[in-house]
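*Asks:* Quick one: the structure is below, and I'll ask about it shortly.
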2 protein chains.
Amino acid sequence: MQKTSNVDRIIEKAREMAITFELKPGARINESALSKDLGASRTPLREALNRLVAEGYLTFQTGKGFFCRALDPKRIMDLYETRVAIEVEAVRLACLRATDGELAVFRAYLNQTEPAYSQGAEVSELVLADEDFHLYIARLSQNDELLRLLENLNGRIRYVRSIGLKTMQSAPPPQAPELSLTAHRRILDALVARDADAATATMRAHIERRWEEATEAVRIAYSQIYVPEDLSREVL
Amino acid sequence: MQKTSNVDRIIEKAREMAITFELKPGARINESALSKDLGASRTPLREALNRLVAEGYLTFQTGKGFFCRALDPKRIMDLYETRVAIEVEAVRLACLRATDGELAVFRAYLNQTEPAYSQGAEVSELVLADEDFHLYIARLSQNDELLRLLENLNGRIRYVRSIGLKTMQSAPPPQAPELSLTAHRRILDALVARDADAATATMRAHIERRWEEATEAVRIAYSQIYVPEDLSREVL
DNA sequence: GAATTTAGAACTGTATACAGTTACGAATAC
DNA sequence: GTATTCGTAACTGTATACAGTTCTAAATTC
């Protein structure tokens with residue numbers, strides 16, 4: 001059993017704050033203040049921040065300190081393109097390596113999660129369920145590095161999705177979950193048929209479909225984050 | 001101008017030590033001893049080590065400390081497969097986005113580096129020249145994330161290559177550089193022709209060719225690292 | 001002689017203090 | 001009124017000390 005240390009707790013919390021914009025994009029991070037908030041000293045906090053830099057959540061300048069990464073549409077596009085790179089190769093490898101037995105278990109898993117999609121579940125749960133599907137395939141590829149990278153990308157993209165979905169809840173384009181589910185089924189069918197070309201093509205199209213949703217979500221995020229900021233500046 | 005801090009220096013040095021096996025794979029890292037060697041205290045050293053963990057060079061266990069990553073053939077294979085994933089997508093995007101002018105400059109660059117390949121240059125230089133070619137394409141893809149990941153992968157694969165080439169120097173299979181150069185030319189031609197399928201296929205084959213060289217290199221590395229260790233143990 | 005327990009050494013985890021750097025604003029010169 | 005300089009405050013960079021944990025090996029028991 002892996003005993004979780006203080007640093008792990010801090011990383012989790014700081015990552016959370018970066019994701020939810022509790023730390024504003026581009027803003028400098030005040031180490032003393034944040035360490036006090038988190039109930040630890042600066043030493044473990046800096047260790048956590050260093051790790052988040054390497055994970056791509058923060059940036060760092062010598063003598064200046066740590067900064068939240070600016071949130072721009074270009075970056076989101078880059079992340080989605082990287083997801084395509086990773087996942088297309090993952091599904092190709094899974095096609096070569098997954099046993100029929102593993103694919104049968106995978107199908108059972110997919111059938112079991114289906115009810116969650118159809119009944120109007122929490123959107124955040126839908127996002128996580130979707131992530132799980134994709135991670136499952138990465139696991140079937142038997143490549144630890146691809147899996148690790150996909151987990152990292154998921155973490156960095158998740159907030160955009162959740163923001164996008166948050167607004168979608170009020171004005172929902174409601175068939176999206178079913179579409180997603182259909183794509184997932186088609187990918188699985190291609191895997192079972194050992195049709196690598198179909199599997200990769202479907203995967204690529206499936207991810208790229210979320211593209212515009214994502215850039216749209218970034219725009220919404222900007223308005224949510226910066227407008228209140230500007231308003232408060234008006235007051236001062 | 002970015003002033004380089006002490007931590008940057010330490011990271012560079014520690015990464016170097018991990019790459020060259022000055023720190024043995026799987027071995028625990030003694031922070032006090034290493035910090036003394038590097039002429040710094042444990043605080044900046046631990047910051048550096050944490051970053052190297054996130055970059056994939058080291059592992060970490062709470063309460064136990066930092067460890068060099070074990071060097072096994074499976075991991076090398078994973079890294080090469082990840083390279084394929086990244087680079088195939090990069091060359092595809094470059095095919096869409098690079099202007100004719102950029103490709104002309106690229107061709108000039110390739111022609112200019114050619115002499116270095118034909119004249120028997122240092123193998124380590126050849127490795128770096130090859131890396132540069134691939135990074136160039138990643139840059140043409142205009143995707144910062146793919147570029148970042150490729151740089152990371154290069155760093156982690158480099159030591160295997162250099163070991164493989166070191167032994168190749170004594171018993172050289174001499175046409176390898178020319179083959180590599182040919183593949184590079186074919187990739188460029190495909191880019192100019194905007195033939196994404198040819199570009200990606202050539203890129204994939206080019207990287208996969210290095211595959212067995214790499215696993216062979218790992219075997220050699222094992223013999224070089226562990227045999228002397230065992231011998232010295234005999235003496236004690 | 002083998003297994004188990006226990007004491008101590010070594011090492012990691014964290015807090016704190018201080019040195020060095022950067023940023024900000026007031027004061028002065030033009 | 002604007003620009004420049006200087007001083008101070010805030011923050012980052014690093015060392016060190018100490019607390020808590022893990023590992024090692026010796027001693028004891030069976």
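The values are calculated or read from the model by the stated rules, or taken from the named source; none is laboratory data. Model, not experiment: these values are computed from the prediction. Every residue, glycine as well, gets a Cβ built from its backbone with ideal geometry; the counts of neighbours run over all protein chains shown. Surface accessibility is based on the protein's heavy atoms, side chains included, excluding ligands, DNA and RNA. Shrake-Rupley method; radii C 1.70, N 1.55, O 1.52, S 1.80 Å.
*Asks:* So if we plug the beta-carbon distance of A:R28 and B:T99 into 1/(1 + (r/R0)^6) with R0 = 41 Å, what FRET efficiency do we get, rounded to 0.05?
*Replies:* 0.65
*Asks:* Another question, if that's okay. With +1 assigned to the C-beta of every Lys and Arg and -1 to the C-beta of every Asp and Glu, and no other charges, what is the dipole magnitude of region A:6-70 about the Cα centre in debye, to the nearest 20?
*Replies:* 220
*Asks:* Moving on. Quick one: which bits of region B:37-81 get at least 40 Å² less accessible when the partner protein chains are in, versus the chain alone, with a 1.4 Å probe?
*Replies:* B:E47, B:N50, B:R51, B:A54, B:T62, B:D78, B:E81
*Asks:* Further, regarding this structure: Report the local net charge at B:L140: Lys and Arg +1, Asp and Glu -1, summed over other residues whose C-beta lies under 9 Å from its C-beta.
*Replies:* Taking every other residue near B:L140 into account, the sum is +1.
*Asks:* Now a separate question. In the neighborhood of B:V84, defined by Cβ-to-Cβ distances under 13 Å, what is the net charge if each Lys or Arg adds +1 and each Asp or Glu adds -1?
*Replies:* Net local charge, B:V84 excluded: -1.
*Asks:* Nearest 100 Å² is fine: what is the total accessible surface buried where chains B and A meet, probe 1.4 Å?
*Replies:* 3200
*Asks:* Let me ask something else about it. Please compute the average number of Cβ atoms from other chains found within 10 Å of each residue's Cβ in peptide A:82-90.
*Replies:* 6
*Asks:* To continue, here is another question. If R₀ is 41 angstrom, what is the calculated FRET efficiency for the pair B:D72 and A:E16, using the beta carbon separation as r and rounding to 0.05?
*Replies:* My answer for the efficiency is 0.75.
*Asks:* Per residue of B:142-153, what is the mean number of Cβ atoms on other protein chains within 10 angstrom of that residue's Cβ?
*Replies:* 4
*Asks:* Also, I was wondering about something else. Checking the table B:K13/B:K64; A:K36/B:K36; A:K36/A:K74 against a 26 Å threshold on Cα-Cα, which pairs fail?
*Replies:* Pairs exceeding the cut-off: A:K36/B:K36; A:K36/A:K74.
*Asks:* For region A:6-70, build the charge dipole from Cβ charges (+1 Lys, Arg; -1 Asp, Glu) around the Cα centre, then report which of A:L38, A:G56, A:A70 sits farthest towards its positive end.
*Replies:* Most positive-ward Cα: A:A70.
*Asks:* Let me ask something additional. Could you tell me the calculated FRET efficiency between A:E208 and B:Q61, based on Cβ-Cβ distance and R0 = 35 angstrom, to the nearest 0.05?
*Replies:* Once rounded, the FRET efficiency stands at 0.35.
*Asks:* If region B:6-70 were replaced by its equivalent ellipsoid, with semi-axes equal to the square roots of 5 times the Cα gyration tensor eigenvalues, what would those be, largest first, whole Å?
*Replies:* 16, 13, 11
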